[in-house]
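The values are calculated or read from the model by the stated rules, or taken from the named source; none is laboratory data. All values derive from a computational prediction rather than experimental measurement. Here the Cβ is made from the backbone with ideal geometry for all residues, glycine too, and neighbour counts use every protein chain on show. Side chains are part of the model used for accessible areas, which takes the heavy atoms of the whole protein and leaves out ligands, DNA and RNA. Shrake-Rupley method; radii C 1.70, N 1.55, O 1.52, S 1.80 Å.
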Amino acid sequence: MNTTRWPYPVLHLKPGKEALLSKRHPWVYSRALAQAPDAVLVRLADASGRILGVGTASPDNALAARLFRFEDAPLDEAFFRARLESALVLRKELGLWASRGGCRWVFGEGDGLPGLVVDRYAQALVVQVGTAGLEALRELWWPLLFEIGQREGLSVFVERSQAGRREEGLEPVNRLLKGSLSGPVTVREGPAKLTVDLLRGQKTGFFLDQREHRLQVGRLSQGKRVLNAFGYTGGFSVHAGLGGALEVATLDSSAPALDQADQDWAANGLDPAAHLRMEGDAFELLRQLEPMSWDRVIVDPPAFAKQRKDVDKAFKAYKDVFRLGARATAPGGMLWCFSCSQHLDRARFQEVVWTALLEAGRDARVLAHLGQPSDHPYSLNHPEGFYLKGLWLRVE
Ligand code: SAH
C-alpha cells in the first residue's frame, strides 16, 4: 500500500516500546513493532493507539520506521518547505553557503529529514534518497528542492545512491536530474580549488565532512613532509601543498581518485615534483615506508564497521592503520587519526588509537578531539547521527 494520501495507516508498537520515542528519538526497530509495516508512510502509535509521530517505514529493514514529526500531522509540502528552508538558513548563518563552495544542505535526521542528504557543490546539487517513504514522497520534495535550488542560483541537479537503499527495496541510482554537466565541478575550500566528480566520485562525489581538518593541515604544513593516507582526490594534499609543504604523498587504492589528486595538485599551481602518488592497499604500502620520516600524517580510512556486529573486526583494522601511521610519523610530528564509523563510539575510538600508539611504541599527546563540521549537525535525540571522530596527536 504505497499511498501518500493522509491520514497514513497506523503502525502499532508493542506494549512498553514507546520509551525511546517519547524522548523524541526518530528510529524504530522492527522488534519494537506489533506488526510489520505494510505502508511506506505511517502514523506510529503506542499499543493503546495513541499517535506518537509520523514518518516513513519499510517491511524489510530492521530499522523499520523513521519519524519526521512527533505529532499527528502529514508530511506535506508545507512541512518539507519549512524543513528545507530552515536547513538552508543554518548553512547561510554558518557562512558555508557560497556560490563557489561546497556545503551539506540537508543531513538526514540532523535536519529533521531522515533518509535525505543534499550536498551543494558550487552551482550543483547532489541528492541521496535512502528510504522508500521518501521515494513515495518525491513529487512533494523534489519540486521544492528544485525551486529553492534555482532561487539560490543552482543549475545542475544530480542523484546518487545512498548506502542502505537495498534494505528499503530501492535500486541503485546515478543520474542527472536537471541541467547539464560536461564534467567534474570545481569547489573552493579556503585557498584550494578542488575537483568533484558528481557522477563518478565516491558518495556524493566528495568528503565535505573533512573540510575543517583539511584547512587545519594546510595551516600546519609549512616546510613539512606530509603523508595523506586514504587520501582520495588529495584534498588534504592540496591544502598541505598550498600551506608550504616540502613534499606531499597521497596514498589511496583508487587510481581515478589519485589521477584527480595529481590534476588538482597541478591546477592549484603546485610543483608536480613535490607530489608523490602512492597507489595501492594502505595496509601494504604503509608498512613499506621508512619509519619516522613524515612530519604530518593523516590517516582517514573508510568506515571499517558498517554494522554494529563488525565493530570488533573493525577495531583491529583501525588499530593496524593507525599503528602504521604512527610508525611513519617523525618524532615531534603530528598525526591525525579518523574514523567515520558511527558504530565505533568516541570511547572505543580513543581506545583504538591508544592501543595503536602503544603497539607502535610511541608516546603521543592529544592536541584536540575532532568531529564532524557544523553542516553535518546531529540531534541530541539521535546520538547515532554523530559519526566522524578524529584525534589530533603530537607524537614523540
Ligand atoms: N581523506 C579524504 C577522504 C577519504 S575516504 C578526503 O579528505 O577527501 C577513504 C578513501 O580510502 C577512499 O578514497 C578509498 O578509495 C580509500 N581506500 C579504501 N580502502 C583502502 C585501502 N585498503 N587502501 C588504500 N585506500 C583505501
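Check Arg69, Arg91, Arg81 and return the single one that is touching a residue at least 12 places away in the same chain (Cβ under 8 Å), within 24 Å of Val129 (Cβ to Cβ), buried (at least 18 other Cβ atoms within 10 Å of the Cβ) and not aromatic (Phe, Trp, Tyr). Working first, answer last.
Values: Arg69 fails: buried (at least 18 other Cβ atoms within 10 Å of the Cβ); Arg81 fails: buried (at least 18 other Cβ atoms within 10 Å of the Cβ).
The match here is Arg91.
When Asp295 is tested against (1) under 20 Å from the mean Cα position of the chain (by Cα); (2) under 25 Å from Trp392 (Cβ atoms); (3) not in a loop (DSSP other than H, G, I, E, B), only condition (1) is not met. In the stretch 329-373, the qualifying residues are those that are within 14 Å of the ligand (Cβ to nearest atom) and of a type in the set (Gly, Ala, Ser), and the one that is nearest to Trp392 (Cα to Cα) is Ser339.
In the list Arg308, Arg277, Arg296, which residue meets the criterion of being more than 10 Å from the ligand (Cβ to nearest atom) and more than 26 Å from Gly205 (Cβ to Cβ)? I'd like the intermediate steps shown before the answer.
Values: Arg277 fails: more than 26 Å from Gly205 (Cβ to Cβ); Arg296 fails: more than 26 Å from Gly205 (Cβ to Cβ).
Among Arg308, Arg277, Arg296, only Arg308 is more than 10 Å from the ligand (Cβ to nearest atom) and more than 26 Å from Gly205 (Cβ to Cβ).
Candidates in the stretch 351-391 are the residues that are acidic (Asp, Glu) and farther than 27 Å from Ala98 by Cβ; of these, the one that is most open to solvent (accessible area, probe 1.4 Å) is Asp363. All conditions in (1) in contact (Cβ under 8 Å) with a residue 24 or more places away in the chain; (2) out of contact with any Ser or Thr (no Cβ under 9 Å at 6 or more places or on another chain) hold for Glu147, with the sole exception of (1). For the stretch 173-212, the tally of residues that are crowded, with 21+ Cβ neighbours inside 10 Å, in contact with a Pro (Cβ under 9 Å, 6 or more places away or on another chain) and not small (Gly, Ala, Ser) stands at 6. Of all the numbered requirements in (1) in contact with a strand residue (DSSP E or B) (Cβ under 8 Å, 6 or more places away or on another chain); (2) surrounded by fewer than 23 Cβ atoms within 10 Å (Cβ to Cβ), Val118 misses one, and that requirement is (2). Beta carbons closer than 7 Å, at least 6 apart along the sequence or on distinct chains, pair a first residue in the stretch 218-238 that is within 15 Å of the ligand (Cβ to nearest atom) and open to solvent by 10 Å² or more (accessible area, probe 1.4 Å) with a second that is acidic (Asp, Glu) and assigned to a loop (DSSP other than H, G, I, E, B) for Phe230/Asp300. Checked against the criterion of being in contact with a Leu (Cβ under 6 Å, 6 or more places away or on another chain), more than 20 Å from Val118 (Cβ to Cβ) and more than 12 Å from the ligand (Cβ to nearest atom), the stretch 174-189 contains not a single residue that satisfies it.
In this structure, Leu134 qualifies as open to solvent by less than 10 Å² (accessible area, probe 1.4 Å), touching a residue at least 12 places away in the same chain (Cβ under 8 Å) and among the aliphatic types (A, V, I, L, M).
Considered as a group, the residues in the stretch 35-61 that are part of a loop (DSSP other than H, G, I, E, B) and either touching a Lys or Arg at 6+ places or on another chain (Cβ under 8 Å) or of a type in the set (Asp, Glu) (or both) include one that is surrounded by the most Cβ atoms within 10 Å (Cβ to Cβ), and that residue is Asp46. Lys313 fulfils the conditions (1) at pLDDT below 95; (2) touching a Ser or Thr at 6+ places or on another chain (Cβ under 7 Å) except for a single criterion, (2).
From Ala282, Ala255, Ala317, Ala261, which residue is within 25 Å of the chain's Cα centre (by Cα), loosely packed, with under 14 Cβ neighbours inside 10 Å, within 11 Å of the ligand (Cβ to nearest atom) and among the small types (Gly, Ala, Ser)? Don't jump to the end; show me each part of the working.
Values: Ala282 fails: loosely packed, with under 14 Cβ neighbours inside 10 Å; Ala317 fails: loosely packed, with under 14 Cβ neighbours inside 10 Å; Ala261 fails: loosely packed, with under 14 Cβ neighbours inside 10 Å.
After applying the criteria, what remains is Ala255.
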